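*Asks:* Below is the structure I would like to discuss, written out as structure tokens.
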Amino acid sequence: MKTDILTHLADEGLSVVTLARRHRVTPRYVQMLFESEGRTFSEYVLEQRLVSAHQLISDIGLAAQ
């Protein structure tokens, strides 16, 4: 599921519901998987979006040098 999230990271419609539908599980099941790791789905998505933005900014900074 995390690979799926990374693939669809830029999608505005990325949600627990859309992820659950693609994997044919309930939204609650998805939430429970993330909770078992001590975070929420939303926290994971935000973290990955921030990592992606940081990489993009860093790459642009290197290209400008």
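The values are calculated or read from the model by the stated rules, or taken from the named source; none is laboratory data. Quick caveat: nothing in here was measured; it's all calculated off a predicted structure. Cβ placement follows ideal geometry from the backbone for every residue including glycine, while neighbour counts extend to all protein chains displayed. Keep in mind that these areas ignore ligands, DNA and RNA; they rest on the heavy atoms of the full protein, side chains included. Shrake-Rupley method; radii C 1.70, N 1.55, O 1.52, S 1.80 Å.
*Asks:* Quick check on segment 1-24: of everything there that is free of Cβ contacts under 8 Å to residues at least 24 places away in the same chain, assigned to a helix (DSSP H, G or I) and under 24 Å from L56 (Cβ atoms), which residue is least open to solvent (accessible area, probe 1.4 Å)?
*Replies:* Of everything passing the filter in segment 1-24, L19 is least open to solvent (accessible area, probe 1.4 Å).
*Asks:* Here's a follow-up. Cβ contacts < 7 Å: first residue farther than 11 Å from V16 by Cβ, restricted to segment 29-52; second residue open to solvent by 70 Å² or more (accessible area, probe 1.4 Å) and not basic (K, R), any location; separation 6+ or different chain. Result?
*Replies:* Close Cβ pairs (under 7 Å, with a partner that is open to solvent by 70 Å² or more (accessible area, probe 1.4 Å) and not basic (K, R)) amount to Q48/L6.
*Asks:* I would also like to ask the following. Output the residue which, of all residues in segment 25-64 that are among the hydroxyl-bearing types (S, T, Y) and either at pLDDT below 95 or part of a helix (DSSP H, G or I) (or both), is least open to solvent (accessible area, probe 1.4 Å). Can you show your working first?
*Replies:* Initial filter on segment 25-64 (among the hydroxyl-bearing types (S, T, Y)): 26, 29, 36, 40, 42, 44, 52, 58.
The next check asks that each one be either at pLDDT below 95 or part of a helix (DSSP H, G or I) (or both); those that pass are 29, 42, 44, 52, 58.
On the way: Y29: 102, S42: 79, Y44: 16, S52: 56, S58: 47 Å².
Filtering segment 25-64 for residues that are among the hydroxyl-bearing types (S, T, Y) and either at pLDDT below 95 or part of a helix (DSSP H, G or I) (or both), the one least open to solvent (accessible area, probe 1.4 Å) comes out as Y44.
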